[in-house]
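The values are calculated or read from the model by the stated rules, or taken from the named source; none is laboratory data. Quantities reported herein were computed from a predicted structural model and do not represent experimental measurements. Here the Cβ positions follow ideal geometry from the backbone for every residue, glycine too, while neighbour counts run over all protein chains shown.
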Amino acid sequence: MAFTPKTVRLHGDGDTLIIEWSDGHRSAYSYRYLREQCPCATCTDAGSSLDHEPGQLPMLGVKPLKPNRAELVGRYALQIFWNDGHSTGIYTFEYLRELCPCAECESARDKIP
Amino acid sequence: MSKKVSPQEVLQALKQVEDPALHQDIVSLGYVKDIEVGFERATIAIELKAPSPSGQPDLAGSIRKAVEALGVPNVEVEITSPAPPPPRGPSNLIPYVKHTIAVASGKGGVGKSTVAANLAVALERQGAKVGLMDTDVYGPSIPSLMGGKQEPRVVEGKLEPPVEWGIKLISMAYFLPEDDAVIWRGPMLHKTIQQFLGDVRWGELDYLIMDMPPGTGDIQLSLSQTIPLTGAVIVSTPQDMALSVAWKAIAMFKKLNIPILGIVENMSYYVCPHCGERDDIFGHGGAREAASRLGFPFLGEIPLNPAIRIQSDGGRPIALDGTSPLAQAYEAVAKALVEQVKSASEQVPQIITE
């Protein structure tokens, strides 16, 4: 596996998770984007799981989504514990790198047919 | 009014003093460590249960007031709090273990456990705090290699590991009658590995060495996925066949993003005890050559020598005999390993919560 983060930064109040990679690249993911990309079986099966999350009745006001904490899984992945109670997604570093939303990675992805 | 009061009277008075944060009196909280009384004076030693950076200035004031009310004009209050816990390592399961090192090989019978035990001893002799975990639940051999006569004890719901030659040990051998076998499927193995990590009182360690079973199976996978291993040491004998299987172990660690700390060539050569002539039974230098070809550090070579086997069977690892060339071989490997661990642990991703 080629890509390893040097640091994973969770902003207590902000809405982005920032990864500094060992190759110097920097990725900033919005929490909502990351949560939508959750790779776990439930989420990938249910499509966009956010619409179906229990306890998220819109008239009660939606709590801003954020991770309570994150933990390393071995040395190859990140497990994120979201404040909506979800935590089964194991985001491998490779996957996180693929998800990088920066313009550079975005355009590199577009070139691949 | 001034008089000499008894410690019991002081203790009674202290029962009126509450911890401002917990709203409970300091006597039943067990804070009062010592009371010393003299003529017109009293010294009260308080030990807080949790680290408190401020030292609780309010508490000292209330204690002084309560004791002064007994008619003691000079009241001294000493508040101590336990030292804050040592800095946490990368894993939540074993928070005070700095580095975790897997000793692995592809093939069985290359001397993994012997190398693991002697490396642990060599590291301990260099002044490190070391634990040795026998993850080979099928063929546990660490306790007999380390001369284990003690057994783990249960203390407050956790296992207190036995200590042999200064090294904390855990092994499946402690939990099985000698002639019984572990016949388990994956989930049981996973649970055991988790317990060996989380339910053992490892305490503060510089290195936790993990002796792996041969192969690339459930145990290797469980361990690699449960904690962010600092890295893996690959043990191989010099012949091509053992090396080709060792690459499979390396491939597994690479897939899991675990750094290869280096390769040890075991049974590297044989020196005849009668004529002193050297014989390369399995060939020699194969591991060194392969390591340099693939860009992995080569940590050193350990000769094939009956003394290692005899010492191991007797439960006294050869690395303890500092002057013997065999112990020096292990010492050299341990030193090379420490260097590699330094750079590998800098690469463990840091999670920063702000």
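Only residues that are crowded, with 21+ Cβ neighbours inside 10 Å and within 14 Å of chain A (Cβ to nearest Cβ) were counted across the stretch B:226-255, and they come to 8.
Here A:L57 meets each of (1) farther than 30 Å from B:I101 by Cα; (2) within 12 Å of chain B (Cβ to nearest Cβ); (3) modelled with pLDDT under 90 with one exception, condition (2). Filter the stretch B:165-197 for residues that are buried (at least 17 other Cβ atoms within 10 Å of the Cβ) and out of contact with any helix residue (DSSP H, G or I) (no Cβ under 8 Å at 6 or more places or on another chain); which is farthest from B:V121 (Cα to Cα)? Among those residues, the one meeting the criterion is B:F196.
Based on what the data block shows, is B:S268 more than 14 Å from chain A (Cβ to nearest Cβ) and either farther than 22 Å from B:I142 by Cβ or not aliphatic (A, V, I, L, M) (or both)? So B:S268 fits the description; yes. Looking only at residues of the stretch B:298-316 that are surrounded by 14 or more Cβ atoms within 10 Å (Cβ to Cβ) and without any contact (Cβ under 8 Å) to a residue 24 or more places away in the chain, we find that the one that is farthest from the chain's Cα centre (by Cα) is B:A307.
Taken over the stretch B:304-335, the criterion of being among the hydrophobic types (A, V, I, L, M, F, W, C) and in contact with a Phe, Trp or Tyr (Cβ under 8 Å, 6 or more places away or on another chain) is satisfied by B:L304, B:I318, B:A319, B:L320. Look through the stretch B:93-120, keep the residues that are more than 29 Å from B:M241 (Cβ to Cβ) and touching a helix residue (DSSP H, G or I) at 6+ places or on another chain (Cβ under 8 Å), and return whichever of them is surrounded by the most Cβ atoms within 10 Å (Cβ to Cβ). Within the stretch B:93-120, the match that is surrounded by the most Cβ atoms within 10 Å (Cβ to Cβ) is B:H99.
Condition check for B:D280 on (1) of a type outside the set (A, V, I, L, M); (2) over 22 Å from B:M210 (Cα atoms); (3) surrounded by 22 or more Cβ atoms within 10 Å (Cβ to Cβ): one failure, at (3).
The rows are residues; the columns are (1) within 14 Å of chain A (Cβ to nearest Cβ); (2) more than 16 Å from B:L119 (Cα to Cα); (3) surrounded by fewer than 19 Cβ atoms within 10 Å (Cβ to Cβ).
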| site | (1), (2), (3) |
| --- | --- |
| B:R293 | no, yes, yes |
| B:A344 | yes, yes, no |
| B:P349 | yes, yes, no |
| B:E354 | yes, yes, yes |
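Within the stretch A:66-89, residues that are at the interface with another protein chain (Cβ under 10 Å from one of its Cβ atoms) sit with their Cβ atoms under 6 Å from residues that are assigned to a strand (DSSP E or B) and of a type in the set (V, I, T), at 6+ positions apart or across chains, in these pairs: A:P67/A:I80; A:A70/A:I80; A:A70/B:I351; A:V73/A:I90; A:Y76/A:T92; A:A77/A:I90; A:A77/A:T92.
Scanning for something under 22 Å from A:D45 (Cα atoms) and touching a Phe, Trp or Tyr at 6+ places or on another chain (Cβ under 7 Å), does the stretch A:79-88 turn up at least one residue? Checked the stretch A:79-88: at least one residue is under 22 Å from A:D45 (Cα atoms) and touching a Phe, Trp or Tyr at 6+ places or on another chain (Cβ under 7 Å). The strands (runs of 3 or more DSSP E) falling completely within the stretch B:117-175 that include 3 or more residues that are of a type in the set (A, V, I, L, M) map to B:130-134, B:167-170. Which residue, of B:A332, B:A336, B:A319, is touching a Gly at 6+ places or on another chain (Cβ under 8 Å), touching a residue at least 24 places away in the same chain (Cβ under 8 Å) and more than 26 Å from B:K248 (Cβ to Cβ)? After ruling out the rest, the residue left standing is B:A332. Answer yes or no as to whether B:V200 is within 20 Å of the chain's Cα centre (by Cα), surrounded by 14 or more Cβ atoms within 10 Å (Cβ to Cβ), away from chain A (no Cβ under 14 Å) and of a type in the set (A, V, I, L, M, F, W, C). Yes. When B:T323 is tested against (1) crowded, with 18+ Cβ neighbours inside 10 Å; (2) away from every other protein chain (no Cβ under 14 Å); (3) among the β-branched types (V, I, T), exactly one condition is not met: (1).
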